[in-house]
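The values are calculated or read from the model by the stated rules, or taken from the named source; none is laboratory data. Not measured: the values here are computed from a predicted model. Backbone-built Cβ (ideal geometry, glycine too); neighbour counts: all protein chains shown. For the accessible areas, the whole protein counts, side chains as well, though only heavy atoms, and no ligand, DNA or RNA atoms are used. Shrake-Rupley method; radii C 1.70, N 1.55, O 1.52, S 1.80 Å.
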Amino acid sequence: MSKEGVAVLAKEVGDDWKEHAYYDEVEAFMPEAWKNLIWPVISACDFTSTMDLAAGHGRNTEFLLPLSERVHVVDINPENIDFCRRRFAGRDSKISFVVNDGSSLAALRSGSLTLAYCFDAMVHFDSDVVRAYLREFFRVLAPDAHAFIHHSNYTANPCGRWMDNPGIRNFMSQELFAHYAQKEGLSVVSQQVIDWGGNPKLDCLSLLRKPNPPQGLGGNYTKRDGMLFVLAAAHESAKFSLARPGTLTLDAHAHEWCGRLVVQQGARVLGTFDVHDAQAQPRQFVFDAEAGELVFRAEDRGDGRGEAWVKGIDIRWRKP
C-alpha cells in the first residue's frame, strides 16, 4: 500500500481518539496493568531514551517518566499532545512532545531510542499501519534496543470493519505480527497472548529487539554470499572491537570441510568451537567478552580440515 493509503488508514483510527472518554475510564486500571502485564515483560529493558507511542492522555508516560532520561511522547492528535503538555507541566524537562502522522516517526533520529513502547493503542491500528511502524522502529531503535508492543490477536473478521470487532480491534495475530517484525529486521524476544475485556486471547504483548551486529569488521578473511566472514586458511582471521562488555551469539555454518573456530581476546581464549559436521547445518554458540578487540581464527582439527564459516554475530550489551 502507498504511503498516502497508509496515512488515510491511520487518520481513520486517530480521528476516533480525540478527547475520548476512554482515557479517563481506564486511568484507574493503569497501576494494575503496569504491575501484572507490562513490567514483567519490560523490566530488563534500557529506558534511557523511551518513546510512548499513541500516548493519548499520558497514562503510560506517567510510569515511563521516572525510569527514563528522555521520553518522547508521540500522538497523531494535537489535542492529546496538548493534554499531555498540561498534565506534565513542571515535570517536562526530559519530555519531548511530537505530533506525528499516525504511521511514521520522522521527528525522531535514526538509532536514537533504547525503548519503543505502545500499550493499549496499536490494538486498533490497521495491519498496514502496524507494519509501517515496525519499519520505523527498526530505523529509530539503537542496536540491541527493544520495542514493547500491545497489539490485536483478533482474526475472526478479516474482511469486516474494525469498529464492528470486540474491543474495536483491528485484524492482526500473534503470528502475523511476528512475521512482519522479522520482515522489517526485528527479532521476537517474547510474545504473550492475553485476555482483554472479557474476550479470551483477544490481544498479544510482543517484545521485539533490534539485532546488534559487529561494527568495523576487519582482518584478512574470505568473503562469501550469506556469510559474515569465512576463514578458509590458517593465515586468515577476522576481528572487531567491542565498545563495552557483551554476550555474543555466533551463528556458524557447519560442514565437512570445517575445523575449529577459535575466539581470542588478547592472550585469552574465549571459546574453541567445533564446526566440523558431515552434514551441512547451522550451529550456534554463545559466549561472553569484555570491551576490546576480538580475533577469530580457524584451527585444524588434526584431519587437515581447518575452515570456519560464520553467518552472523549478534551482541547483547551487559548491564553495568
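Could you tell me whether any residue of region 275-282 is modelled with pLDDT under 95, surrounded by 12 or more Cβ atoms within 10 Å (Cβ to Cβ), assigned to a strand (DSSP E or B) and not aromatic (F, W, Y)?
Yes, there is a match, as at least one residue in region 275-282 is modelled with pLDDT under 95, surrounded by 12 or more Cβ atoms within 10 Å (Cβ to Cβ), assigned to a strand (DSSP E or B) and not aromatic (F, W, Y).
Given (1) open to solvent by 20 Å² or more (accessible area, probe 1.4 Å); (2) modelled with pLDDT of 95 or more, identify the lone condition not met by D126.
(2)
If you scan region 241-269, which residues turn out to be of a type in the set (A, V, I, L, M, F, W, C) and surrounded by 18 or more Cβ atoms within 10 Å (Cβ to Cβ)?
Of the residues in region 241-269, the ones of a type in the set (A, V, I, L, M, F, W, C) are 242-243, 248, 250, 252, 254, 257-258, 261-263, 267, 269.
Those that are of a type in the set (A, V, I, L, M, F, W, C) and surrounded by 18 or more Cβ atoms within 10 Å (Cβ to Cβ): L242, L248, L250, A252, A254, C258, L261, V262, V263.
For residues that are surrounded by 17 or more Cβ atoms within 10 Å (Cβ to Cβ) and free of Cβ contacts under 8 Å to residues at least 24 places away in the same chain, tally how many sit in region 149-172.
Qualifying residue count for the region: 1.
If you take the residues in region 177-212 that are open to solvent by less than 60 Å² (accessible area, probe 1.4 Å) and either part of a loop (DSSP other than H, G, I, E, B) or among the basic types (K, R) (or both), which one is nearest to G246 (Cα to Cα)?
Once the filter is applied, the top-ranked residue is N212.
Among A232, A252, which is of a type in the set (A, V, I, L, M, F, W, C), at pLDDT below 95 and either in contact with a strand residue (DSSP E or B) (Cβ under 6 Å, 6 or more places away or on another chain) or under 25 Å from T114 (Cβ atoms) (or both)?
On the way: A252 fails: at pLDDT below 95.
Answer to the selection: A232.
Just to be sure before I move on: is H146 within 22 Å of P40 (Cα to Cα) and surrounded by 18 or more Cβ atoms within 10 Å (Cβ to Cβ) in the structure I sent?
Values: within 22 Å of P40 (Cα to Cα): yes; surrounded by 18 or more Cβ atoms within 10 Å (Cβ to Cβ): yes.
Against the criterion (within 22 Å of P40 (Cα to Cα) and surrounded by 18 or more Cβ atoms within 10 Å (Cβ to Cβ)), H146 qualifies.
Among (1) surrounded by 21 or more Cβ atoms within 10 Å (Cβ to Cβ); (2) of a type in the set (D, E, K, R); (3) within 14 Å of D52 (Cβ to Cβ), where does K94 come up short?
K94 satisfies all of (1) surrounded by 21 or more Cβ atoms within 10 Å (Cβ to Cβ); (2) of a type in the set (D, E, K, R); (3) within 14 Å of D52 (Cβ to Cβ) except (1).
For region 246-274, what are the residues that are in contact (Cβ under 8 Å) with a residue 40 or more places away in the chain, in a strand (DSSP E or B) and acidic (D, E)?
D251
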